[in-house]
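Worksheet: the structure to be examined is printed underneath.
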Amino acid sequence: MKNYHILTLLLTLTLANCADTSTADGTRIPSTTVQPLASWVEGQTGVKMAALPITEASGIRLKTALGLEGVQQARAVAAYIPGQIIINNIIWDPGSLVAQSYLVHELVHHAQLFSGKIYPCPEAKEREAYTLQNKWLIEHGESPLVSEGWIANMSECKVSSRQMSD
């Protein structure tokens, strides 16, 4: 019986710690968190962002965004909609380099909006986003998040631009 009480206490403490570190759904991520990441992306892409995107931690809004046409969905814990970044509040931790790297990835898409560059398909934008996300992680002492094979697969045009215009 004593072990049962210890197990219950440990479980309760674990859940309490999880509750203390979770981010409430709908939490706005401050520009003081986003700006340094945006500056790094600007330096890597050579694209000046006219403004920072509105950035929010929300699993509910992310689920809605993923239902929109043209929003990439593979391993999606974050999404970019022009002018907005939404990251799942369950994984958002401002102290986590991996969580920050998801913002880097979406900030690359924000920079792409301002670049004026024409891409052969929406998927092609993923090569730069994943590559820079990996680079940012490596520069900060972390392992790359995805492999080169993953990047190649995710950035491959599924439909040619000619088929898109027909």
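The values are calculated or read from the model by the stated rules, or taken from the named source; none is laboratory data. Since this is a predicted model, take the numbers as computed values, not measurements. No Cβ is skipped: glycine too gets one built from the backbone with ideal geometry, and neighbour counts run over all protein chains shown.
Go through (1) modelled with pLDDT of 95 or more; (2) touching a Cys at 6+ places or on another chain (Cβ under 8 Å) and name the single condition LEU103 misses.
Answer for LEU103: the failing condition is (2).
Can you pull out the residues in region 144-154 that are outside any helix (DSSP H, G or I) and over 16 Å from the mean Cα position of the chain (by Cα)?
SER147
Return the residue satisfying two criteria in turn: it lies in region 114-129 and is touching a residue at least 12 places away in the same chain (Cβ under 8 Å), closer than 13 Å to GLY46 by Cα and not polar (S, T, N, Q), and of such residues it is surrounded by the most Cβ atoms within 10 Å (Cβ to Cβ).
Among residues in region 114-129 that are touching a residue at least 12 places away in the same chain (Cβ under 8 Å), closer than 13 Å to GLY46 by Cα and not polar (S, T, N, Q), the one surrounded by the most Cβ atoms within 10 Å (Cβ to Cβ) is GLU128.
Table: residues versus (1) modelled with pLDDT under 95; (2) crowded, with 17+ Cβ neighbours inside 10 Å; (3) over 26 Å from SER31 (Cα atoms).
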{"residue": "GLY59", "(1), (2), (3)": "yes, yes, no"}
{"residue": "GLU69", "(1), (2), (3)": "yes, no, yes"}
{"residue": "ILE87", "(1), (2), (3)": "no, yes, no"}
{"residue": "LEU107", "(1), (2), (3)": "no, yes, no"}
{"residue": "THR131", "(1), (2), (3)": "no, yes, no"}
{"residue": "MET154", "(1), (2), (3)": "yes, yes, yes"}
{"residue": "VAL159", "(1), (2), (3)": "yes, no, yes"}
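Please determine, by comparing only the residues of region 18-39 that are among the hydrophobic types (A, V, I, L, M, F, W, C) and surrounded by fewer than 18 Cβ atoms within 10 Å (Cβ to Cβ), which one is modelled with the highest pLDDT.
If we take residues in region 18-39 being among the hydrophobic types (A, V, I, L, M, F, W, C) and surrounded by fewer than 18 Cβ atoms within 10 Å (Cβ to Cβ), then ALA24 is modelled with the highest pLDDT.
Restricting to region 90-115, count the residues that are part of a helix (DSSP H, G or I) and touching a Gly at 6+ places or on another chain (Cβ under 7 Å).
Qualifying residue count for the region: 0.
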